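Accompanying notes for the structure given below.
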Ligand SMILES: N[C@@H](CCC(=O)N[C@@H](CS)C(=O)NCC(=O)O)C(=O)O
């Protein structure tokens, strides 16, 4: 099994899951330039990570890779407790992060630079920060009574952790969201998470862990 990743990108979630599972895998770092190279575009025409390979079979799309890993390694118990409802809870929160939260970051990653006007671009970024604050407040409320976003630790938690790192790096105001802060500290207290952060050459998001 092989994961192509960029440090701190959404591929970090698959990297942590592979480490939690404990099966041998290879992790290959891809630079910004390599993402758009002919070789990489043959693997993923989107020129994006994550890309996952298993015995010559190539899988893209973060939610698909995370689900594949949860299904291939059921003993890791990262896809719910085996019931349809608990799997649906995992997928509910995975979809929340993948489809609602992740795309809302896009203006902060430069997608509105085409506007060509500094004030309009700044406005789009502030709008994204406000929208993200509202989305993260929902995750914070869910974590008030749960250590993990879908109840038990799952593939949804790793993706939530990644977008919380992006929130910190992009000055999204999460100051009143203590449950999210505790969640990040909980993730970063995990030796497997620390090992992956060190491998990707990136720091922790939580000052206290
Ligand atoms: N829908 C895709 C999105 C993947 C994505 O946005 N990847 C980002 C990193 S988080 C990337 O590689 N961006 C580079 C680019 O688009 O140039 C998925 O869920 O896998």
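Structure notes:
- Model label sites at residue 176 and residue 38, defined 7 Å from Cα along the beta-carbon direction, differ in position by 5.5 nm.
- Convex hull volume of the Cα atoms of the chain, normalised per residue: 125 Å³.
- The chain - mean residue ellipticity at 222 nm from DSSP helices (-39,500 (n - 2.57) per run, n ≥ 4, rounded to 500): -15500 deg cm²/dmol
- Linear extension gain, residue 169 paired with residue 138, 0.36 nm per residue minus alpha-carbon span: 9.2 nm
- A Förster distance of 30 Å, applied to the separation of the beta-carbon atoms of residue 120 and residue 92, puts the FRET efficiency at 0.30.
- Based on alpha carbons, the Rg and Dmax found for the stretch 1-108 are 14.3, 43 Å.
- Taken over the stretch 84-190, the percentage of Cα pairs per 5 Å bin, counting from 0 up to the bin with the maximum distance, is 2, 13, 23, 22, 17, 10, 7, 4, 2, 0.
- Ranked 104, 130, 60, criterion: other C-beta atoms within 10 Å, fewest first: 130, 60, 104
Computed from the coordinates by the stated procedures, all read-outs in this text should not be read as laboratory data. For clarity, every value in this text was computed on a predicted model and none was experimentally measured. When we count neighbours, we look across all protein chains shown, and the Cβ atoms used for this are built from the backbone with ideal geometry, even at glycine.
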